[in-house]
Amino acid sequence: MYRSDATSELSYRAQMSFRDQGIEPADGFTGDGFVVRPLVPSDVVLDHEAVMSTREFLYHWEQEPPYPPEDFSVADNLEDLEQMDGEHRKGTRYTYTVMNADETQTLGCIYLAPNDDRMYRTAEVTSHDGTDLSSIDATVAFWVRTSTWEDGFERALLESVLGWLRDDWSIERPVIMTNEKLDHQIASIESLGLTRCFDYDRDKDMYTSHAYRAA
């Protein structure tokens, strides 16, 4: 088991999906100049353009480089979107696209995973405030295209997402995930007063990931 205030390797009982825990996906929402809704395979062309335009950032965000590779194709992206759509439908992970208001451009993506998701099974976790990974019910990660940073969209989206998690989900203890390399995203998160509660490391990751208490 995870030991608070220590670094230890996680071991889990049989994985419980969101659906097993009774956490169904919320509908999307409309914000100021943007729309959040479930990501579906038909979004493939717009999503691919956003991914490739944000390639340098995603290399560090993704943690399993090289992603996307230089020759990452629309067909490759379709495979990813079909997998994510399948996970969304099964209730194992939930993924949402972020679009501009008329849905002609993808602005980013939001990912929700349960606390016993496969990415955490070999992680070494260090708590900063006594928070046990098993005590949270969802991790939330997101990215936006770097061209939106100057207008403050990263912070604005996160602020809206925090309200959405609070008002439209049955999730009670989410955390927002980032990593030590992503200075801009860390600044956006901390500007909203979120508290860093634990870190995790995996052997294959380039950077230490940080979890911020979202509620």
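A few remarks follow.
- Check on E87, part of a helix (DSSP H, G or I) and touching a residue at least 40 places away in the same chain (Cβ under 8 Å): no
- From the list S160, S135, the lone residue that is within 16 Å of the chain's Cα centre (by Cα) and not β-branched (V, I, T) is S160.
- Test: M119 is within 25 Å of D201 (Cβ to Cβ) and assigned to a helix (DSSP H, G or I): yes
- Strands (runs of 3 or more DSSP E) fully within the stretch 132-206 that include at least 2 residues being of a type in the set (G, A, S) and closer than 22 Å to T95 by Cα: 138-144.
- The stretch 23-49 residues that are aromatic (F, W, Y), paired with ones that are assigned to a loop (DSSP other than H, G, I, E, B) (beta carbon under 9 Å, 6 or more apart): F34/A101
- Of all residue pairs spaced 6 or more apart or on separate chains, those with beta-carbon atoms under 9 Å, a first member in the stretch 148-166 that is under 19 Å from P25 (Cα atoms) and in contact (Cβ under 8 Å) with a residue 24 or more places away in the chain and a second member that is acidic (D, E) and not in a helix (DSSP H, G or I) are S160/D32.
- Test: residue in the stretch 178-201 that is among the charged types (D, E, K, R), closer than 14 Å to E154 by Cβ and surrounded by fewer than 18 Cβ atoms within 10 Å (Cβ to Cβ): yes
- Looking at D80, D71, just one residue is among the charged types (D, E, K, R) and either assigned to a helix (DSSP H, G or I) or at pLDDT below 95 (or both), and that residue is D80.
- Taking the conditions (1) closer than 24 Å to A211 by Cβ; (2) in contact (Cβ under 8 Å) with a residue 40 or more places away in the chain; (3) of a type in the set (D, E) in turn, E62 satisfies each one other than (2).
The values are calculated or read from the model by the stated rules, or taken from the named source; none is laboratory data. Quick caveat: nothing in here was measured; it's all calculated off a predicted structure. So basically every Cβ, Gly included, is an ideal-geometry build from the backbone, and we count neighbours across all protein chains shown.
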